[in-house]
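All remarks here apply to the structure that follows.
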Amino acid sequence: MTRLTTLLSLAAPLFLLAPLAPAAEPADPAATMLNLSASAQREIANDQMIATLYVQDRQPQPAQLANRLNQLINRAQSDARAYKNVEVSSGSYNSWPAYNKSGKIDGWQGRAELKLKTRDMAQGSELIAKLQGYLLLEGVQFVVSDDARRIAEKAMIPEAIAALMEQAQIASKALGKSTLNMRQLTIGNQAPPPVPLLMRGKTLAMAADAEVAPAEWQPGRSQLQLQVNGQLELR
């Protein structure tokens, strides 16, 4: 009967299973070392929205520019507090001189960002629409949340290992071996790229507030993959 011996040692972000013995060639000349890989897949719904909004402006003096950027970003943060299920954080904040045709500074430009993250699509859409009244939308991405990913990975680990062991059983039978020992096993995942919906606006901030209707986002689905690699000894 085939025998499986595995010692699990967990580490992040990949599960690293430490070898039971050195990975060197076995002393037994009848033993065969086998390196295999297998994977499991899951398609799951994107349940998290990530958005970046910004203000970009130009003013004669740096202080005037900073005051304008700060006013709009502070206003956006204040408006976002009413949306309890939306996580708000500051993004990049930059300023730089503007030059005329003679190469002299004739003004200052700057840009400040605000980032949103939420699993509440309704609140996220409503807040984005509200902020678009005086900010510009850099882009929206839909991804699988960490919680949903962990649940999916727990289900995929047994499947991937079973697929790897099936390969090992086939190889063992073909080689006429009766004993199978797992010497090393690594378990990792491949994160899918986010689903972007980019919406770029003008290079300068809007001159006045505007009413914006919430978008009806379609988050879509992502394909998750978990791969296992194993080193086995056949006797």
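In sequence order, the stretch 120-127 has phi-based couplings of 9, 4, 5, 5, x, 5, 5, 5 Hz under the Karplus curve 6.51 cos²θ - 1.76 cosθ + 1.60, θ = phi - 60°, and Gly or Pro positions carry x.
Phi angles of the stretch 150-161 translate, via the Karplus equation with coefficients 6.51, -1.76, 1.60 and θ = phi - 60°, into HN-Hα couplings of 4, 4, 5, 5, 4, 6, 7, 4, x, 5, 5, 5 Hz per residue; Gly and Pro are given as x. In this label model, residue 119 and residue 151 are separated by 0.7 nm, measuring between points 7 Å along each Cα→Cβ vector. The H on the amide N of residue 184, modeled in the peptide plane, is under 5 Å from the matching H of 231, each at least 5 residues off or on a different chain. Under 5 Å from the amide H of residue 98 lie the amide H atoms of 106, 107, 108, 109, each residue being 5 or more positions distant or on a separate chain, with H modelled from the backbone and absent for Pro and chain starts.
Computed from the coordinates by the stated procedures, all read-outs in this text should not be read as laboratory data. Source: prediction; values computed, not measured. Neighbour counts run over all protein chains shown; Cβ positions are idealised from the backbone, glycine included.
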